[in-house]
Amino acid sequence: MTRRIYLKALTLLAIAITFSGPTFALELTKDNPSTLTGTNSSDYTIAGLKLGMTHQQAWDTLDQNDSLVGIKDTANPSRIWVYTPDKDGNHGHSALYLVWEPGNANMKSITVFQDYRSHITPNLRRLLSFEAIDNNSAFKKDFIGYSNRSEVTLDIPSTDLKLKSYYYDDIGLEIIDKHSSEGDEVVFSIYR
């Protein structure tokens, strides 16, 4: 009898854990975590935008947010450029880039650009600094650890443009070191 009660209790616990949903949610514009280690980007939001959203859900979220303007990418119509509006309400600076793969209904990645840094919390802003790609940085070691892999994702010597990506697969994070004739900068993406 005791074994039967134990098995029922264990089964109920397994069901509760399975259907309880995520226990951790992180809004990058409000929460300032001390580390991203042990978290996953599928539980992050940026101004209400979340990986896995459909196009319609993303457009609805953007329509409800006065501080962001979305524009369909004409070169890649399954993607959306997101800008912070200027004083006239027109798109101003690049803030985010939302990516869906062709034929896939769920958002695959969100890239955060330098011009959006003032909208995210202090520790997350540091992901947009060279500290995030410096293996000697205490911030990198404690906040995200070391990348699983890295690769040059774009190299066009004739225009002096080179992108090197560092992937943190457990987190779902990509740090991108961009070198160009206009200067160097770091951006990051969350992905699933």
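A short reminder: the numbers here are calculations on the coordinates, not readings from a lab. Worth saying up front: this structure is predicted, and the values here are computed from it rather than measured. Quick reminder, even Gly has a Cβ in these numbers, built from the backbone with ideal geometry, and neighbours come from all protein chains shown.
Projected label points at Y146 and E27, each 7 Å from Cα along the beta carbon direction, are separated by 3.7 nanometres.
Here the Karplus curve 6.51 cos²θ - 1.76 cosθ + 1.60, taken at θ = phi - 60°, turns the phi angles of the stretch 48-62 into couplings of x, 7, 9, 4, x, 5, 7, 4, 4, 4, 5, 4, 4, 5, 5 Hz, with x standing for Gly and Pro. The alpha carbon convex hull volume per residue for the chain rounds to 170 Å³. The magnitude of the dipole of the chain, with charges of +1 and -1 set on the Cβ of Lys/Arg and Asp/Glu and taken from the Cα centre, is near 1040 debye. Placing dummy labels 7 Å off each Cα toward the beta-carbon, the span from K72 to N135 is 4.5 nm. Farthest towards the positive end of the charge dipole of the chain, among the residues L154, S94, A58, is the Cα of A58, using unit charges on the Cβ of Lys, Arg, Asp and Glu. The loop-placed chymotrypsin sites (Phe, Trp or Tyr not before Pro) in the stretch 96-192, going by DSSP, that have at most 10 neighbouring Cβ atoms within 10 Å of their Cβ come out as Y146. DSSP loop GluC sites (Glu not before Pro) in the stretch 86-190 with at most 15 other Cβ atoms within 10 Å of their Cβ, which ones? Within the stretch 86-190, the qualifying GluC sites (Glu not before Pro) (loop, at most 15 other Cβ atoms within 10 Å) are E182.
Given a Förster distance of 35 angstrom, what is the FRET efficiency for D184 paired with S34, based on the Cβ-Cβ distance and rounded to 0.05?
0.80
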